[in-house]
Amino acid sequence: MTTTVPVTSKLPDIGVSIFAVQTRLANEHKAINLSQGFPDFDCDPALVEAVARAMRDGHNQYAPMPGVLALREGIAAKVEQLYGAAFDPVTEVVVTSGATAGLFATLTTFVQPGDEVLLFEPCYDSYVPVIRLSGGTPVFVSLRYPDYSVNWDEVRRAITPRTRAILVNTPHNPTGTTWSADDLRQLQSIVDGTHIILIGDEVYEHIIFDGRRHESLLRYPDLRSRSVVISSFGKTFHTTGWKVGYCVGPQPLIAEVIRVHQFMTFTVHTPSQIAFAEFVRKDPSAKELTPFYQRKRDLFLQLTA
């Protein structure tokens with residue numbers, strides 16, 4: 001069907017997400033799809049039963065707009081247990097329609113026309129379009145091959161008076177590199193004395209290998225006071241299709257994220273939230289996830305050596 005009205009695109013140089021293209025091609029050719037971050041095995045049957053039980057118990061209407069309180073309490077308890085950071089579940093945690101919605105809401109909230117957002121490339125393909133939709137300019141710092149480390153001198157040169165935010169993605173998508181404690185100290189030395197907001201994409205926080213520790217922005221008091229950290233249950237519980245994520249941060253920042261998110265997706269699927277509340281309380285560190293994936297990674301490395 002055609003249209004008789006003119007259309008001016010807000011993203012004229014952005015096509016369909018590469019993940020959608022690759023998944024379509026993989027399905028079409030019956031190929032193994034290594035392009036997108038979703039598993040090809042089922043989640044815990046007990047989690048499915050928890051969702052079904054919530055439905056049978058009548059939890060089928062709108063959840064509170066910031067999220068089911070039991071889930072927000074579970075998220076806050078998890079963050080405190082893992083990273084030593086205490087957040088108020090009522091005012092400093094918001095449940096979102098997956099991490100992508102959390103990223104969209106956070107970037108849209110804080111990026112104004114003319115602002116710059118520093119990104120480390122290669123980077124997840126959702127970042128740049130949202131920054132541009134908000135009138136901002138992405139500024140790229142390339143990670144250094146072969147270990148995809150950060151050149152902090154280059155980061156310092158990229159900071160300008162217009163830098164509004166730095167987007168920190170660790171463990172990193174797509175390279176898998178992880179930031180060290182020294183990286184976080186370098187970051188802190190750069191943002192001290194500025195009004196730069198840190199946006200943490202930490203959806204792979206529980207998939208980290210070889211005994212390394214996930215260095216969340218939330219571990220460091222001087223960083224978490226200026227950070228919104230986004231994560232997701234999809235990667236942790238093998239439920240990417242359920243689209244349940246969350247944002248955590250200081251109340252003045254999260255209050256503004258909530259203002260925007262409420263008009264994107266008023267609320268998130270209620271039964272799933274109730275089920276995740278149960279599971280995140282039971283296993284906040286997702287202790288089986290790292291060894292589960294490390295066995296697969298080690299086998300892959302052996303087969304390709």
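Where a number appears in this text, it was derived from the coordinates with a stated rule and is not lab data. These numbers were taken from a predicted model, which means no experiment stands behind them. For neighbour counting, all protein chains shown are included, and Cβ atoms are generated from backbone atoms with ideal geometry for every residue, glycine included.
Just wondering, is there one or more residues in the range 61-81 that are among the aromatic types (F, W, Y) and crowded, with 16+ Cβ neighbours inside 10 Å?
no
Of all residues in the range 231-261, how many are outside any helix (DSSP H, G or I) and more than 12 Å from the chain's Cα centre (by Cα)?
4
Output the residues belonging to the range 103-124 that are surrounded by 14 or more Cβ atoms within 10 Å (Cβ to Cβ) and in a loop (DSSP other than H, G, I, E, B).
V111, D115, P122, C123, Y124
Taking the stated definitions as given, is E278 more than 17 Å from T96 (Cβ to Cβ) and in a helix (DSSP H, G or I)?
The answer is yes for E278.
Can you tell which of V228, V141 is in a strand (DSSP E or B) and free of Cβ contacts under 8 Å to residues at least 24 places away in the same chain?
V141
Go through the residues of the range 162-173 one by one and say whether even a single one is surrounded by fewer than 19 Cβ atoms within 10 Å (Cβ to Cβ) and within 17 Å of L118 (Cα to Cα).
Yes, that holds for at least one residue.
Filter the range 12-54 for residues that are part of a helix (DSSP H, G or I) and surrounded by 14 or more Cβ atoms within 10 Å (Cβ to Cβ) and give the result.
Residues satisfying the conditions are F19, Q22, T23, A26, L47, A50, V51, R53, A54.
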